[in-house]
Amino acid sequence: MSSPAKKPADRVPWIWHGVYALVILAIGASLYFASKRIDYSWHWERLPEYVISTEGEEIRASFDGFVEISEDGKTLTMTEMKGAGIETFSGFSQVLVGQGDLVFQNDVLARKPGMRPGPLLIGLWLTLKISAISLVFALPLGLIVGLGRVARNPAARNLAATYVEIIRGTPLLVQIFIFYFFIGTVLQLSAFTAGVAALSVFTGAYVAEIVRAGIEGVARGQMEAARSLGMSYPQSMRYVILPQALRKTLPPLTGQFINLIKDSSLVSVMALTDLTKAGREVVSSTFSPFEVWFSVAILYLLLTGSLSLVVRRLEKRLAHD
Amino acid sequence: MTDRNPKLLIEASGVSKQFANGTQALKNISLTVERGEVLCIIGPSGSGKSTLLRTLNALEEISEGDIQVNGHSVHSSKADLNRLRTQVGMVFQQFNLFPHMTALENVMLAPLKVLKQSESEVRARAEQLLAKVGLADKAQSHPAQLSGGQQQRVAIARALAMQPSIMLFDEPTSALDPEMVGEVLEVMKALAQEGMTMCVVTHEMGFARAVAHRVLFMDHGEIVYQDAPVAFFDAPRNERLRNFLGQILKS
């Protein structure tokens, strides 16, 4: 490809970058001064502890019994009260019980030094996990329903259309309640499974519409050419139509998956500690709602931003083919 | 099919087609094509010539009549269309190459997936066919990197790769820039000389006159006139055809 003469857009004076920086700066500054005017004491220093905890790992008793600490204080032995069980611990930095104490199962005995993920990071992990698993189910579901939308068979077409209409016509929050309370009860699903099911079914409907648009965007002659070579409808779809359709749908699909990550915050209504729920819990223990919600927003941005980045790379690679 | 003339490759009888909006695209058409024959179909746009061609491999449904290809009824509900279409190659006005594949992959796809032939066998034949249409050096190019004439030649190679017994051409040069028409017609001419059975819908009168065994004039969904090319072009015994040819010569 020959590169055409430089487009005017490439020669935009640097001043517009300056304008951009100025506007961002102005918004930042007004936020800062607004926050100074309200009666709120900022405690950003409380936050890191909830992202990565330096409290260390807790050592807990696995049965009821008595504590015995060695003379050098480096080992701790538990003797079971109603049995012959003996447990020895070492490598801890801080002992939280005394010589001869009676402790019960799950009591904290000591702490090992080290870092472990705080509640916000654990919540982020759950958000990532539930989004990723939902994605794995939503993609094939959406592909099948999307194929149903363009099928000639009226049963397949109408079933697919009904599914899409119902899902797109009701709020996700209501669907989550139905999945959690009704379907979850009938099928004995755990909260996590119900959450994955709700998000997959919800996202699947949108993926189906994206897939349908992609298939319809492929020129009609492509299907005719494939069929005229003797390929069956499924073969034509698989080798000719879908490869072209999916390439076109990559950008809208990315948008849908970013939506999925954000929508997953709604599962916090059903006893799942995702990033949003973790945020709420941290607020109640720190009394710093502003800092917490800003941090939660940044963590979501980290997830969605890196997803966009990966897909943009992928798109570039596909464009070079 | 005991009384069938074994030389007949295509036998259409009483074929009519009505579109859903009531337009009569084909009116009671009967047509035979013999093995090794080159048939050109000409006529004004909207005369139904492309529709007729597309009914021959069931890309277009018919309302009435019967079409037999190689002794199999194309439009019966029991027809194995996929098998049938492997026998009937088709070249489109808009080429319809698969843009996500190289020229070689375009040619190889159907033999691999439909005929389930071995990769090495298919590759050898595909390379041979690309060489035959003069594009051996473009095997690894994608359609977007090829000119219209080159794309159409790849499309011909792609149809030939299925080793069909008849080739249908639907205005193969109409979407081409004038300077590329010749290269495509050359390939088609060579094909005709090898004895390939061909049905060509075209506006290229020179090609029809030089290559066809029989030329057929369609207007308003009917076959108005058919004859050997010399008589067809030099002494047409039909008023409508004379008018049509007169208009073409004027432009």
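List of remarks:
- Members of segment B:150-184 found to be part of a helix (DSSP H, G or I) and surrounded by fewer than 21 Cβ atoms within 10 Å (Cβ to Cβ), listed by number: B:PRO178, B:GLU179, B:MET180, B:VAL181, B:GLY182, B:GLU183
- Among the residues making up segment B:2-37, a single one is modelled with pLDDT under 90 and surrounded by 16 or more Cβ atoms within 10 Å (Cβ to Cβ): B:LEU8.
- Checklist (1) under 14 Å from B:ASP219 (Cα atoms); (2) crowded, with 19+ Cβ neighbours inside 10 Å; (3) of a type in the set (S, T, N, Q) applied to B:GLN68, failing item: (1)
- For segment B:112-120, the criterion of being of a type outside the set (Asp, Glu), under 23 Å from B:GLU171 (Cβ atoms), outside any helix (DSSP H, G or I) and within 13 Å of chain A (Cβ to nearest Cβ) is satisfied by no residue at all.
- Test result for A:GLN188, more than 14 Å from the chain's Cα centre (by Cα) and away from chain B (no Cβ under 12 Å): yes
- Within segment B:164-195, restricting attention to residues that are under 24 Å from B:GLN117 (Cβ atoms) and touching a residue at least 60 places away in the same chain (Cβ under 8 Å), the residue that is nearest to the chain's Cα centre (by Cα) is B:LEU168.
- When segment A:185-196 is filtered for residues that are in a helix (DSSP H, G or I) and either in contact (Cβ under 8 Å) with a residue 12 or more places away in the chain or hydroxyl-bearing (Ser, Thr, Tyr) (or both), the ones remaining, listed by number, are A:THR185, A:ALA191, A:PHE192, A:THR193, A:ALA194, A:GLY195, A:VAL196.
- Selected residue [surrounded by fewer than 16 Cβ atoms within 10 Å (Cβ to Cβ), in a helix (DSSP H, G or I) and either in contact with a Gly (Cβ under 6 Å, 6 or more places away or on another chain) or within 10 Å of another protein chain (Cβ to nearest Cβ) (or both)] from B:ARG83, B:ARG54: B:ARG83
- Residue list for segment B:86-109, filter: of a type in the set (A, V, I, L, M) and facing chain A (nearest Cβ under 7 Å): B:MET90, B:LEU109
- There is at least one residue in segment B:60-75 that is more than 14 Å from chain A (Cβ to nearest Cβ), within 26 Å of B:ASN5 (Cα to Cα), outside any helix (DSSP H, G or I) and among the aliphatic types (A, V, I, L, M).
- Restricting segment A:197-255 to residues that are within 11 Å of another protein chain (Cβ to nearest Cβ), assigned to a helix (DSSP H, G or I) and polar (S, T, N, Q), the residue that is farthest from B:ARG83 (Cα to Cα) is A:GLN244.
- Residues of segment A:110-143 satisfying the condition of being closer than 24 Å to A:GLY217 by Cβ and free of Cβ contacts under 8 Å to residues at least 40 places away in the same chain: A:PRO140
- First in segment B:128-142 and within 14 Å of chain A (Cβ to nearest Cβ), second anywhere and in a loop (DSSP other than H, G, I, E, B) and among the β-branched types (Val, Ile, Thr), Cβ under 8 Å, 6 or more apart: B:GLN140/B:THR102; B:SER141/B:THR102; B:HIS142/B:THR102
- Positions within segment B:33-50 being within 22 Å of B:ASN243 (Cβ to Cβ) and not aliphatic (A, V, I, L, M), in sequence order: B:CYS40, B:GLY43, B:PRO44, B:SER45, B:GLY46, B:SER47, B:GLY48, B:LYS49, B:SER50
- With respect to the stated conditions, A:GLU291 is buried (at least 17 other Cβ atoms within 10 Å of the Cβ) and more than 18 Å from the chain's Cα centre (by Cα).
The values are calculated or read from the model by the stated rules, or taken from the named source; none is laboratory data. Note that this is a predicted model, so its numbers are computed, not measured. FYI the Cβ positions are ideal-geometry reconstructions off the backbone, even for glycines, and counts take in every protein chain you see.
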